[in-house]
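Below is one structure; the comments refer to it alone.
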Amino acid sequence: MSENCLFCKIAAGEIPSTEVYSDEHIVAFRDISPAAPQHILLIPRKHIQSVAALAEQDGELMGKLLLTAKQVAIDLGIAESGYRCVLNTGEDGGQTVHHLHLHLLAGRQMSWPPG
Ligand code: AMP
Ligand code: ZN
């Protein structure tokens, strides 16, 4: 746990969230400011700043994160209609919370390229 990290505090239950999934390694909760009808954030419990800060040994954890996104999409009933997984990284990537998180967005047609 990193002090003063919003998502570490959410993972620890110190700040409330609308949780949709939780296990030993991963927590998934609803984004407070949804950008789509379904907008879930999936985070590792381990504090990792961003994709850019990943280490070789985080590979298994990142695999779990992606597989959990797949399962959450099934559970929410959006697997067939489709969804978008986004990992904003660094300043130009639009990252505002510096604890790695995967956005799972669904429920509307997404456009490309992203803004
Ligand atoms: P990013 O801009 O990729 O770093 O995404 C951070 C996301 O965290 C944004 O979509 C915010 O709406 C979301 N967010 C910020 N605070 C909270 C919170 N307390 N609970 C849930 N989502 C949050
Ligand atoms: Zn953190």
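Which pairs turn up if I take residues in the stretch 87-107 that are buried (at least 18 other Cβ atoms within 10 Å of the Cβ) and look for partners that are at pLDDT below 95 with beta carbon separation below 9 Å, at least 6 apart in sequence or on another chain?
Cβ pairs passing all conditions: 99/2.
Please list, ordered by residue number, the strands (runs of 3 or more DSSP E) wholly in the chain having 3 or more residues that are on the phi < 0 side of the Ramachandran plot and either in contact with a His (Cβ under 9 Å, 6 or more places away or on another chain) or of a type in the set (A, V, I, L, M, F, W, C) (or both). Before the answer, list the steps.
Values: elements: 19-22, 26-30, 38-44, 83-86, 102-106.
Passing ranges, in order: 26-30, 38-44, 83-86, 102-106.
Could you list all residues from the stretch 1-27 that are among the small types (Gly, Ala, Ser), surrounded by 17 or more Cβ atoms within 10 Å (Cβ to Cβ) and away from ligand 1 (no atom under 11 Å from the Cβ)? If you could, list the steps in order and put the result at the bottom.
Initial filter on the stretch 1-27 (among the small types (Gly, Ala, Ser)): 2, 11-13, 17, 22.
Within this subset, residues satisfying the condition of being surrounded by 17 or more Cβ atoms within 10 Å (Cβ to Cβ) are 11, 17.
Passing the criteria: only 11.
For residue 75, are the conditions met, namely being out of contact with any strand residue (DSSP E or B) (no Cβ under 6 Å at 6 or more places or on another chain), among the charged types (D, E, K, R), away from ligand 2 (no atom under 11 Å from the Cβ) and open to solvent by 60 Å² or more (accessible area, probe 1.4 Å)? Before you say what the answer is, go through the steps one by one.
Numbers: out of contact with any strand residue (DSSP E or B) (no Cβ under 6 Å at 6 or more places or on another chain): yes; among the charged types (D, E, K, R): yes; away from ligand 2 (no atom under 11 Å from the Cβ): yes; open to solvent by 60 Å² or more (accessible area, probe 1.4 Å): yes.
Here the answer is yes, as residue 75 does meet what is asked.
Quick check, is residue 65 under 12 Å from the mean Cα position of the chain (by Cα) and away from ligand 1 (no atom under 11 Å from the Cβ)?
Yes; evaluated as a whole, the condition is true for this residue.
Checking the structure you have, find out if any residue of the stretch 35-49 is open to solvent by 60 Å² or more (accessible area, probe 1.4 Å), modelled with pLDDT of 95 or more and touching a Leu at 6+ places or on another chain (Cβ under 8 Å).
Yes, there is a match, as at least one residue in the stretch 35-49 is open to solvent by 60 Å² or more (accessible area, probe 1.4 Å), modelled with pLDDT of 95 or more and touching a Leu at 6+ places or on another chain (Cβ under 8 Å).
The values are calculated or read from the model by the stated rules, or taken from the named source; none is laboratory data. None of the values given here were measured: they were computed from a predicted structure. Cβ: placed from backbone, ideal geometry, glycine included. Neighbour counts: every protein chain shown. Only protein heavy atoms, including side chains, enter the accessible area calculation; ligands, DNA and RNA are left aside. Shrake-Rupley method; radii C 1.70, N 1.55, O 1.52, S 1.80 Å.
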